[in-house]
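Structure first, commentary second.
The values are calculated or read from the model by the stated rules, or taken from the named source; none is laboratory data. Quantities reported herein were computed from a predicted structural model and do not represent experimental measurements. As a convention, Cβ positions derive from the backbone with ideal geometry for all residues, glycine included, and neighbour counts pool all protein chains shown. Accessible surface areas use protein heavy atoms only, side chains included; no ligands, DNA or RNA. Shrake-Rupley method; radii C 1.70, N 1.55, O 1.52, S 1.80 Å.
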Amino acid sequence: MPRFCATRLSILRVARRIGGKPHEGRLIAGALVIPCALGRAGVTHHKREGDSATPAGRWRILGFYLRKPTPLRAPWRLTRRDDVWCDDPGSFLYNRPLRAPARLSHEEMWRKDRLYDLVGVMDYNIVPRVRGRGSAIFFHIATEELGPTAGCVALRARDMARLAPRLGRKAIIFVD
């Protein structure tokens, strides 16, 4: 297993694994190549809500939600049990954090499967927000077998725990 260097990482590149399934990707961080999970439908340049694809482009990590304090250079806050993320394209609150209870369709930020124990908010469809273009696009923990996401980029917990503290304050993910 390659060792992570102590320097700050500000550029992460993500691409589908050549010859792999649509959701199988590789994240390149400096000299490291780390397997990652992408959306079930692979990568798209025409993202729509519910298409299960990861949006191609250049996305800044705005900050992290953490279940427990972790040393990070990037902005972060602790996740509360009532934190949710609106994915209701009919609402003016679309693609924004909310507090439960919420009548709107939403993503739970405090998950029982612990995939959001450390989750970075990518700036996809944030400014401006366009209803129906996709919401809750995160950089989060993957299942151990790197199963597909609903459109996010995800790393195994051990890789995320080692990489996240080394990310610079203005880290950018390039998805090809």
Take the Cα atoms of the chain, build their convex hull, and give its volume per residue in Å³. 106 Å³
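Would you mind getting the accessible area per residue of the chain, heavy atoms of the protein chains only, 1.4 Å probe, in Å²? Spell out each step's value before the answer.
Numbers: 9130 Å² over 176 residues.
Spelled out: the 1.4 Å probe surface of the chain, per residue, equals 52 Å².
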Sequence-distant or interchain residues sharing an amide H contact under 5 Å with Cys36, placed H: which? Gly25, Arg26, Leu27
Checking the cross-link filter: which aspartates and glutamates have an alpha carbon closer than 14 Å to that of Lys21, excluding same-chain neighbours under 8 positions apart? Glu145
What size of dipole, in debye to the nearest 20, comes out for the chain about its Cα centre when the only charges are +1 on Lys and Arg C-beta atoms and -1 on Asp and Glu C-beta atoms? 580 debye
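Just flag the trypsin sites (Lys or Arg not before Pro) in the range 92-171 sitting in loop per DSSP whose Cβ has no more than 10 other Cβ atoms within 10 Å. Please list the in-between numbers first.
Working: sites: Arg99, Arg103, Arg111, Lys112, Arg114, Arg129, Arg131, Arg133, Arg156, Arg158, Arg162, Arg166, Arg169, Lys170; in loops: Arg103, Arg111, Lys112, Arg114, Arg129, Arg131, Arg133, Arg156.
Those that pass, being in a loop and sparsely packed, are Arg103, Lys112.
How large, in percent, is the carbon and sulfur part of the accessible surface of the chain at a probe radius of 1.4 Å?
Details: 4930 of 9130 Å².
Exposed carbon and sulfur together represent 54 percent of the surface.
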Karplus-derived 3J(HN,Hα) from phi for the range 121-128 (6.51 cos²θ - 1.76 cosθ + 1.60, θ = phi - 60°), whole Hz, x at Gly and Pro, runs 8, 8, 7, 5, 6, 9, 10, x
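Summing -39500 (n - 2.57) over the DSSP H runs of n ≥ 4 in the chain and dividing by its residue number, what mean residue ellipticity at 222 nm do you reach, to the nearest 500 deg cm²/dmol?
Details: 1 runs with 7 residues, N = 176.
Using -39500 (n - 2.57) per qualifying helix, the result is -1000 deg cm²/dmol.
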Could you go through the range 88-98 in sequence order and give the Karplus-derived ³J(HN,Hα) for each residue, using 6.51 cos²θ - 1.76 cosθ + 1.60 with θ = phi - 60°, rounded to whole Hz, and x for Gly and Pro? 8, x, x, 9, 6, 8, 3, 6, 9, x, 9
